[in-house]
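Note sheet for the following structure.
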Amino acid sequence: MRIKVINPNTTASMTRLIGESARLVAGPGVEVEAVSPSMGPSSIESHYDEALAVPGILAEVAAGEAEGVDGYVIACFGDPGLEAARELATGPVVAIAEAAMRTATYLGRSFSVVTTLGRTRGRAWDLAHAYGVASACRGVHACEIPVLELETSPDARDRITEACRHALALDGSDVIVLGCAGMADLCAHVSEAVGAPVVDGVAAATVTVQGLVTLGLRTSAVGELAPPLPKAYTGLLSGFTVADDPQPEPVQHAGGPGNGTRPTA
Ligand code: 5HY
């Protein structure tokens, strides 16, 4: 089984950290490839960043389809480009906010999110509502550490741990969701420190993709997430033209990994 974990920002050190977190939970026979797009923002901390990250994500999914990748993780807490990626992919595509939030609901009645900058809190709330878990989300908190300073700031771990402790106490919640892929390596430390389950979306998304592929389940090609319609794209996006998909989708079944065909961008 091949899982492609896409860090939508272009910071290689963060891609390595994400890949390590994903490989820690990958089962036997599961190959994890962690990549960053060749184009895009160095970190994603605004709607503008998210929008500019999507072409790179889609290029990586299109490449993965040509390589026979079985499933994808979008490793950014804003879940950028998720539905578009699902239209391109044959296998499952799981993003880290959705995976982490849904996982948290299995562990307690309520959860709190601790993310980076306060300006991204609204996006986390929008996703909680979109995924139907807003009633379980008691709060979204920001540690006010810029994404790229997670690796460089000497007190980042302590500040994040304190923000998680504060969130649990203020919200009266049962579980913490780490709101950034760059926090993936802090999961065990924070959980030990605050005495509550802490969910890292990179690990949660990786095992979710692994589980879905093991069940032989793939993204549905009938309805909203059917492949994009063939059409021209111009200018910088001229490379994103989607070819016709000549093959009918095989019927899904619970069994071995699927290997359908999809257009390549
Ligand atoms: C992430 N940004 O997971 C998000 C976190 C955030 O570059 N990777 C980023 O603050 O939304």
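The values are calculated or read from the model by the stated rules, or taken from the named source; none is laboratory data. The model shown is predicted, which means the values in this text are computed figures rather than measured ones. Because the Cβ atoms are built from the backbone with ideal geometry, glycine has one as well, and the counts that use them run over all protein chains shown.
Quick notes
- Leu229 aliphatic (A, V, I, L, M) and in a strand (DSSP E or B): no
- Among the residues of this structure, Glu151 does not count as one that is in a loop (DSSP other than H, G, I, E, B) and free of Cβ contacts under 8 Å to residues at least 60 places away in the same chain.
- Only residues that are surrounded by fewer than 24 Cβ atoms within 10 Å (Cβ to Cβ) and within 16 Å of the ligand (Cβ to nearest atom) were counted across the range 168-183, and they come to 0.
- Residue list for the range 106-124, filter: over 21 Å from Ala156 (Cβ atoms) and either free of Cβ contacts under 8 Å to residues at least 40 places away in the same chain or buried (at least 24 other Cβ atoms within 10 Å of the Cβ) (or both): Tyr106, Phe111, Gly122
- For the residues Val69, Val73, the requirement of being part of a loop (DSSP other than H, G, I, E, B) and within 26 Å of Ala226 (Cα to Cα) singles out Val69.
- Residue in the range 19-42 that is surrounded by the most Cβ atoms within 10 Å (Cβ to Cβ), counting only those that are assigned to a loop (DSSP other than H, G, I, E, B) and away from the ligand (no atom under 13 Å from the Cβ): Val30
- Selection status of Ala142, of a type in the set (A, V, I, L, M, F, W, C), outside the structural domain of His47 (by TED's automatic domain parsing), closer than 24 Å to Arg23 by Cβ and touching a strand residue (DSSP E or B) at 6+ places or on another chain (Cβ under 7 Å): no
- Only one entry in Glu60, Glu45, Glu50 is part of a helix (DSSP H, G or I), within 13 Å of the ligand (Cβ to nearest atom), of a type in the set (D, E, K, R) and buried (at least 18 other Cβ atoms within 10 Å of the Cβ), namely Glu50.
- Any hit, the range 138-148, residues being part of a loop (DSSP other than H, G, I, E, B), within 13 Å of the ligand (Cβ to nearest atom) and either β-branched (Val, Ile, Thr) or under 24 Å from Pro55 (Cα atoms) (or both): yes
- Residue in the range 88-103 that is surrounded by fewer than 21 Cβ atoms within 10 Å (Cβ to Cβ) and farther than 29 Å from Phe240 by Cβ present: yes
- Looking only at the range 127-137, residues that are within 16 Å of the ligand (Cβ to nearest atom) and either surrounded by fewer than 23 Cβ atoms within 10 Å (Cβ to Cβ) or in a helix (DSSP H, G or I) (or both) come to 4 in all.
- Scanning the range 168-182 for residues that are under 10 Å from Ala196 (Cβ atoms), over 22 Å from the mean Cα position of the chain (by Cα) and outside any loop (DSSP other than H, G, I, E, B) turns up just one, Leu168.
- Of the residues screened, Gly216 is one that is in contact with a Gly (Cβ under 6 Å, 6 or more places away or on another chain) and assigned by TED's automatic domain parsing to the domain that holds Val69.
- Qualifying residue in the range 79-95 (condition: closer than 20 Å to Ala12 by Cβ and either touching a Ser or Thr at 6+ places or on another chain (Cβ under 9 Å) or in a helix (DSSP H, G or I) (or both)): no
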